[in-house]
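Input: a single structure, listed below in structure tokens.
The values are calculated or read from the model by the stated rules, or taken from the named source; none is laboratory data. Since the structure is predicted, the reported quantities are computational estimates derived from the model, not experimental observations. Cβ coordinates were reconstructed from backbone atoms using ideal geometry, including for glycine residues, and neighbour counts include every protein chain displayed.
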Amino acid sequence: MRHNQSMPQLLRFPSLIALAAALTAPTLVAAQEAVQVKSLAAPDYFSGALADTGLPGDLWKDTAPDLAREVLPRIGGPRGLSPAFADLARRLLSTGANAPARIGDDIEMGAQRALALIALGEARGVDGLLDRTTGAAGSSALSMAAAEAALITGQDDKACAVQDALTVDRGSAYWLRLRAFCQLKAGQDDAAQLTFQLAQQQTKDADYARLMGAALAGTTPGAASLKNGVNYALSRRLNLDVQSAAAVASASPALKPLTSSATGDLAGVAPGADLTATEASALAFLRQAKTLPAFVDAARASAGPIAALAAAGGPLQDPVLMARAAVAAGDLASAQTIRARLVQDSIPGASGADLAILDALITAASGKTDNQVLGALVSRGASGGARSPAQAAALLLASLGGTLDADARGQVYNFDAGKSAAQSARLLLLDDAGAAKRAGEAGLLALSIAADAGVAGPAPVDRARIARALHQAGLDADARAIVVEGLFSLAYGK
């Protein structure tokens with residue numbers, strides 16, 4: 001109303017109109033330019049953050065784009081990653097940072113980032129991220145990421161909407177399987193049967209065939225399958241037990257978080273409980289683990305009983321194993337409490353090298369550099385012969401920046417940490433990235449080497465090289481985690 005009343009006054013004074021135009025013109029031009037710039041800005045598929053990782057927004061600065069194109073699709077590969085390298089990949093890819101050059105507006109690279117994060121167990125975060133991302137309908141890969149994230153988080157209708165919106169590559173096996181499920185869900189049984197047959201003609205999937213066949217024919221479906229989002233959705237539709245032992249065994253890393261309650265924790269320790277029985281249960285649980293990742297899971301599940309046993313202060317049947325498990329569970333206080341009570345001569349089956357490696361584990365996990373621990377480890381390696389795990393352990397710990405005196409360097413000269421399994425060109429690039437502090441590139445090269453090694457992780461000599469490069473590049477927490485895992489591998493023998 002005030003504006004309307006002022007207009008007649010302006011009309012009486014043309015000079016006021018001219019003055020108003022002169023004053024508002026720069027503002028209008030600036031606003032138009034701002035809108036124009038905003039509308040022309042290309043989307044950066046790496047700028048959205050899944051979590052506050054503590055890594056900077058220039059994480060990918062100077063990273064070679066072709067290295068990103070090579071490595072990202074391999075992160076969710078069939079061989080998997082060891083826990084420490086999976087954590088590294090998760091931290092790098094969860095960071096909201098400007099993408100490497102020529103990749104930020106590449107929708108297929110954005111899809112590879114999302115698919116890798118899903119493979120690392122981050123479906124829920126990816127689901128939220130892709131809600132704010134455009135272009136999925138024109139990209140099979142990005143749509144697959146959106147559909148899988150929705151299925152894994154139990155949003156079947158959302159996944160079917162993604163399938164409906166897709167405009168490319170609709171005849172591939174994945175989309176036929178999802179479409180058959182969506183048709184079944186919509187009560188279109190005849191269409192679902194036909195689509196199911198087309199999917200099976202393309203690529204055989206025994207679990208999908210069993211589940212979809214049972215859903216269509218009403219036959220016994222067997223055990224649930226957590227191999228992928230579509231199988232998981234079918235298993236839920238059939239009311240199968242997705243926490244059964246068979247289902248947990250079939251779970252891919254992407255769906256592994258859904259099974260965490262299936263493994264559970266060992267029962268807590270009540271006041272006055274029989275600590276002998278508690279210790280026996282914890283030891284049995286730890287010793288049944290057949291792989292390093294399984295040991296880490298068992299250690300985390302045993303954290304409560306181990307903490308209670310450490311606080312009780314009594315003798316332990318296998319204190320070195322208990323202390324290692326405490327470190328694996330992130331309970332350094334309990335590990336240090338157990339270690340403080342250990343006297344080498346009174347520990348059946350534990351050698352001086354065992355204790356030296358345990359000290360290295362605690363030191364690396366605590367974020368400290370302890371030259372005394374490193375020196376003791378070198379001495380054990382020198383006295384233990386060529387097959388002593390202390391030699392590889394010393395090189396691993398030294399990669400975090402410890403100082404070796406002249407005598408120690410002379411001893412390390414003859415150490416054998418095993419053969420390298422990594423390609424020499426990648427190791428050279430890794431060294432260069434670390435020295436130049438290209439953190440993102442160093443991380444990608446480390447993951448490339450780790451992807452070749454699989455869930456067991458790289459050889460000790462390659463681990464040491466990776467840890468040193470990451471330490472130099474500023475990824476110190478990741479370097480320490482990789483060293484700790486390497487020390488576990490030596491101590492645990494897996």
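Any residue at all in the range 374-382 that is over 23 Å from Val327 (Cβ atoms) and either at pLDDT 95 or above or more than 25 Å from the chain's Cα centre (by Cα) (or both)? Steps first, please.
From the range 374-382, those over 23 Å from Val327 (Cβ atoms) are 382; that's our starting set.
Of the ones still in play, those that are also either at pLDDT 95 or above or more than 25 Å from the chain's Cα centre (by Cα) (or both) are 382.
Yes.
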Looking at the range 287-309, I want the residues that are under 19 Å from Ser489 (Cα atoms) and β-branched (Val, Ile, Thr) and have a partner that is surrounded by fewer than 22 Cβ atoms within 10 Å (Cβ to Cβ) and modelled with pLDDT of 90 or more with Cβ atoms under 6 Å, at least 6 apart or on another chain. Which pairs are those? Val296/Pro83
Which residue, of Ala364, Ala335, Ala360, is free of Cβ contacts under 8 Å to residues at least 60 places away in the same chain, buried (at least 17 other Cβ atoms within 10 Å of the Cβ) and in a helix (DSSP H, G or I)? Ala335
Please determine, by comparing only the residues of the range 383-401 that are in a loop (DSSP other than H, G, I, E, B) and among the aliphatic types (A, V, I, L, M), which one is modelled with the lowest pLDDT. Ala386
Matching residues in the range 96-155 (farther than 24 Å from Asp58 by Cβ, assigned to a helix (DSSP H, G or I) and among the β-branched types (Val, Ile, Thr)) number 2
If a residue has to be modelled with pLDDT under 95 and β-branched (Val, Ile, Thr) to count, how many in the range 429-475 make the cut? 1
Tally, over the range 132-154, of residues that are surrounded by fewer than 17 Cβ atoms within 10 Å (Cβ to Cβ) and at pLDDT 95 or above: 3
Name the residue, out of Ala481, Ala433, Ala425, that is in a helix (DSSP H, G or I), of a type in the set (A, V, I, L, M, F, W, C), crowded, with 24+ Cβ neighbours inside 10 Å and out of contact with any strand residue (DSSP E or B) (no Cβ under 7 Å at 6 or more places or on another chain). Ala433
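Taking the range 248-282 as the region of interest, how many residues are over 26 Å from Ile152 (Cβ atoms) and either modelled with pLDDT under 90 or buried (at least 19 other Cβ atoms within 10 Å of the Cβ) (or both)?
Step one: of the range 248-282, the residues over 26 Å from Ile152 (Cβ atoms) are 266-282.
Then drop every residue that is not either modelled with pLDDT under 90 or buried (at least 19 other Cβ atoms within 10 Å of the Cβ) (or both), which leaves 266-279, 282.
Number satisfying all stated conditions: 15.
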Selection from the range 385-399 of residues crowded, with 24+ Cβ neighbours inside 10 Å and without any contact (Cβ under 8 Å) to a residue 60 or more places away in the chain yields Ala390, Gln391, Ala394
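Regarding the range 104-118, can at least one residue be identified that is among the charged types (D, E, K, R) and crowded, with 23+ Cβ neighbours inside 10 Å?
Initial filter on the range 104-118 (among the charged types (D, E, K, R)): 105-106, 108, 113.
Of the ones still in play, those that are also crowded, with 23+ Cβ neighbours inside 10 Å are 113.
Scanning the range 104-118, I find at least one residue that is among the charged types (D, E, K, R) and crowded, with 23+ Cβ neighbours inside 10 Å, so the answer is yes.
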With the condition kept exactly as written, say whether any residue in the range 302-313 is at pLDDT below 90 and among the hydrophobic types (A, V, I, L, M, F, W, C). no
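Picking from Lys227, Lys185, which residue would you name as being touching a Lys or Arg at 6+ places or on another chain (Cβ under 8 Å) and either polar (S, T, N, Q) or modelled with pLDDT of 95 or more (or both)?
On the way: Lys227 fails: touching a Lys or Arg at 6+ places or on another chain (Cβ under 8 Å).
Only one candidate passes the filter, namely Lys185.
For Asp164, indicate whether it is in a helix (DSSP H, G or I), acidic (Asp, Glu) and surrounded by 15 or more Cβ atoms within 10 Å (Cβ to Cβ).
Working: in a helix (DSSP H, G or I): yes; acidic (Asp, Glu): yes; surrounded by 15 or more Cβ atoms within 10 Å (Cβ to Cβ): no.
Criteria not met by Asp164.
If I filter the range 227-254 down to residues being among the hydroxyl-bearing types (Ser, Thr, Tyr) and within 22 Å of the chain's Cα centre (by Cα), which single residue comes out as farthest from Ile118 (Cα to Cα)? Walk me through how you get there before you give the answer.
Going through the range 227-254, the residues among the hydroxyl-bearing types (Ser, Thr, Tyr) turn out to be 232, 235, 244, 250, 252.
From what's left, within 22 Å of the chain's Cα centre (by Cα): 232, 250, 252.
Values: Tyr232: 14, Ser250: 16, Ser252: 10 Å.
My answer is Ser250.
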Take the range 187-212 and flag every residue that is surrounded by fewer than 17 Cβ atoms within 10 Å (Cβ to Cβ), farther than 26 Å from Ile118 by Cα and hydrophobic (A, V, I, L, M, F, W, C). Ala191, Leu194, Leu198
Among what's in the range 213-226 and is buried (at least 20 other Cβ atoms within 10 Å of the Cβ) and within 31 Å of the chain's Cα centre (by Cα), pick the residue that is farthest from Tyr174 (Cα to Cα). Ala224
How many residues of the range 351-386 are small (Gly, Ala, Ser) and closer than 21 Å to Val296 by Cβ? The answer is 5
